[in-house]
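Single-structure report; data block below.
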Amino acid sequence: MPLAPSHFLLSCFLMSLLAYTIKQSASRFSARTITKPLISRAMHIQSIPMWEGTGNNYAYLVTDDKSKESVIIDPANPPEVLPVLKEQTESGAIKLSKIINTHHHHDHAGGNSEILKHYKLPIIGGKDCTQVTTTPSHKSQFTIGESIKVTALHTPCHTQDSICFYFEDGSERAVFTGDTLFIGGCGRFFEGNATEMNKALNEVLASLPDDTKVYPGHEYTKGNVKFAKKVLDNEAIRKLDEFSQANKETQGKFTIGDEKQHNVFMRVNDPDIQSLTGGKDAVEVMKALREMKDRS
Ligand SMILES: *[C@@H]1O[C@H](CO)[C@@H](O)[C@H](O)[C@H]1NC(C)=O
Ligand SMILES: [Zn+2]
């Protein structure tokens, strides 16, 4: 049926009204999206330095931003950690659900009982950690809130109960390495040997995605670079040297991919290091490097 002129005019009017409404709501929509962050981050990592100037330890508070569920990693010195936890639990910024320990040493797990006096929490960690609730098996997983997936990676050597915790939230990856891997170095072999450290660093941790950020238990980078420079000269080591001179904190600033370049303990196949240590066997190179570092 052909439209009568009056109907035609009415349609024109309705069409322009509709177009106007769409335009208005579109501009409202874009105004709203501008004020919102484009990517909503899921994993938030807060470093808590402890015993600065002596042990230079780090505790880490990791929060799933959507659910606000948080875990506290190695809260070894409660006077420095509790105020942070208190402020954020009381303001509703976080809901603390677990203590995680990377290994049993006092400067990592020694704060557990004091933290438990203030918060009733399960403790996930190595078998020798004080008051541990659960020791996850190698490669077992658990989640924090809605978006963080954690994988436990057994890395015995520094202690037999050393566990590195690999956190993924879809777009970001982080590994909390305790005293197994430091930026530019590794822990002493207190309860293990070079075979175990070679496996921990060059098989277990080396197999993580290269863009995984490294969060170690101590700020030891300056000393590690000093040693690395005696063993090897490469661009990555020079860059790490510069960075550590200019920045007090280096945790979370380097990745597993970076460690493969600037960490001599992850370069046991480097011909220059092999000629210095006098052998090609990875375990022998690891052993020689650790002995040199211990003497340095
Ligand atoms: C290193 O430690 C592992 C595990 O305890 C053991 O099986 C291995 O024999 C040790 N290797 C050496 C060379 O001592
Ligand atoms: Zn330790």
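What number comes out for the charge environment of residue 222, summing +1 per Lys or Arg and -1 per Asp or Glu over other residues with Cβ under 15 Å away?
Details: positive: 226, 229, 230, 238, 239, 248, 253, 293; negative: 52, 219, 241, 242, 249.
Overall, the nearby charge balance is +3.
The 3J(HN,Hα) values that the Karplus relation (6.51, -1.76, 1.60; θ = phi - 60°) gives for the stretch 113-130 are, in residue order, 5, 5, 4, 5, 5, 9, 9, 8, 9, x, 10, 9, x, x, 4, 9, 6, 4 Hz. Gly and Pro appear as x. Look at 248, 120, 213 and count the other Cβ atoms within 10 Å of each Cβ; fewest to most, that gives 120, 248, 213. Given +1 at the Cβ of Lys and Arg, -1 at the Cβ of Asp and Glu and no other charges, the dipole of the chain around its Cα centre is 820 debye to the nearest 20. Restricting the stretch 56-99 to trypsin sites (Lys or Arg not before Pro) that sit in a DSSP loop and have at most 16 other Cβ atoms within 10 Å of their own Cβ leaves 66. Summing charges over neighbours of residue 161, with a neighbour being any other residue whose Cβ is under 14 Å away from its Cβ, gives -4 when K and R count +1 and D and E count -1. As a proxy for reagent exposure, 123, 100 were ordered by neighbouring Cβ count within 10 angstrom, fewest first; the result is 123, 100. The ranking of 294, 210 from fewest to most other beta carbons within 10 Å of each one's beta carbon is 294, 210.
The lysines within cross-link reach of residue 229, meaning a Cα-to-Cα straight distance under 27 Å and a gap of 8 or more places when in the same chain, are 199, 213, 239, 248, 253, 260, 280, 287, 293. For residue 183, the residues whose modelled amide H falls within less than 5 Å of its own, excluding neighbours fewer than 5 places apart on the same chain, are 220. Per residue of the chain, the DSSP helices (runs of n ≥ 4 H) give a summed -39500 (n - 2.57) that works out to -11500 deg cm²/dmol at 222 nm.
Spatial offset of the stretch 106-151 relative to the stretch 232-262 amounts to 29 Å, using the alpha carbon center of each. Taking every full run of DSSP H in the chain, the ones that stretch at least 18 Å from end to end by Cα along their long axis and average -0.5 or higher on the Kyte-Doolittle scale are 5-35.
Projecting the Cα positions of 147, 47, 182 onto the charge dipole of the chain (unit charges on Cβ atoms of Lys, Arg, Asp and Glu, taken about the Cα centre) puts 147 furthest along the positive direction.
For a protection proxy built on the mean count of beta-carbon atoms within 10 angstrom, sort 169-175, 58-64 highest first, please.
On the way: 169-175: 17.4, 58-64: 23.3.
With the highest mean Cβ count within 10 Å placed first, the list reads 58-64, 169-175.
Every number in this text was worked out from the coordinates using simple rules, so none of it is lab data. Here the structure is a predicted model, which is why all the values come from computation and not from measurement. Note that each Cβ is placed from the backbone with ideal geometry, even for glycine, and that neighbours are counted across all protein chains shown.
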